[in-house]
Amino acid sequence: MTLIPKSFFLTRGMGVHKDELHSFELALRDAGIAHTNIVQVSSILPPGCEQITREEGARLIVPGTITFVVMSRLSSNEHSRLLAAAVGCAKPIHDQSFGYLSEFHGFGTDEDEAEDRAEDLAASMLASTLGLKFDEDQAWDEKREMWHMAGRDVTSFSIAISASVPKKAWCTVLAAAVLLV
């Protein structure tokens with residue numbers, strides 16, 4: 001049996017609780033995926049896999065479904081520590097090649113920086129996976145908001161979340177690409 005995702009959506013969540021595990025559960029709830037059985041997978045976005053909204057994806061998931069995700073997650077209980085998690089995507093625009101999903105998480109990183117890092121990672125890893133030479137500073141077309149990779153136009157996007165850890169609590173942030181079969 002071959003399981004190839006047909007669609008995916010991006011989501012994010014944040015949870016705060018006195019226990020780390022419970023803060024993770026609350027982050028999953030905030031992201032809308034706590035009612036699933038999550039299986040983390042690596043980073044390939046299959047050819048033709050269509051991006052849908054979080055709301056569309058939520059309607060397709062039955063509670064208890066084994067759900068494949070590429071997820072970035074970070075937790076801390078260090079008061080005032082800034083946490084960020086992001087997932088980036090890079091995929092060719094005009095052909096049916098596969099795309100790439102990347103995870104980024106870091107301390108002291110805000111949401112905008114996490115989004116940029118995740119997108120850059122996805123684009124550079126896609127390029128290296130395809131055996132292409134890639135210079136992030138040269139390949140970005142600001143006007144068209146896309147990457148150029150050896151004659152291919154590649155779009156990239158991301159989702160991120162950041163939060164500051166409150167006093168006497170654990171905080172968990174997560175970002176995920178949810179792959180639906």
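Some observations on this one:
- If you go through segment 26-54 and pick out every residue that is farther than 18 Å from Gly88 by Cα and either surrounded by 15 or more Cβ atoms within 10 Å (Cβ to Cβ) or modelled with pLDDT under 95 (or both), you end up with 9.
- Output for segment 1-26, where each listed residue is without any contact (Cβ under 8 Å) to a residue 60 or more places away in the chain and more than 18 Å from the chain's Cα centre (by Cα): Met1, Thr2, Leu21
- Test result for Val173, surrounded by 12 or more Cβ atoms within 10 Å (Cβ to Cβ) and either at pLDDT below 95 or over 16 Å from Asp112 (Cβ atoms) (or both): no
- Pairing each residue of segment 32-44 that is assigned to a strand (DSSP E or B) with any residue that is of a type in the set (Phe, Trp, Tyr), provided the two are 6+ apart or on different chains, yields C-beta distances under 6 Å for Val39/Phe68; Ile44/Phe98.
- Any hit, segment 149-156, residues being β-branched (Val, Ile, Thr) and either in a loop (DSSP other than H, G, I, E, B) or modelled with pLDDT of 95 or more (or both): no
The values are calculated or read from the model by the stated rules, or taken from the named source; none is laboratory data. Small disclaimer: the values here were computed from a predicted structure and weren't measured. Don't worry about glycine lacking a Cβ; one is built from the backbone with ideal geometry, like all the others, and counts go over all protein chains shown.
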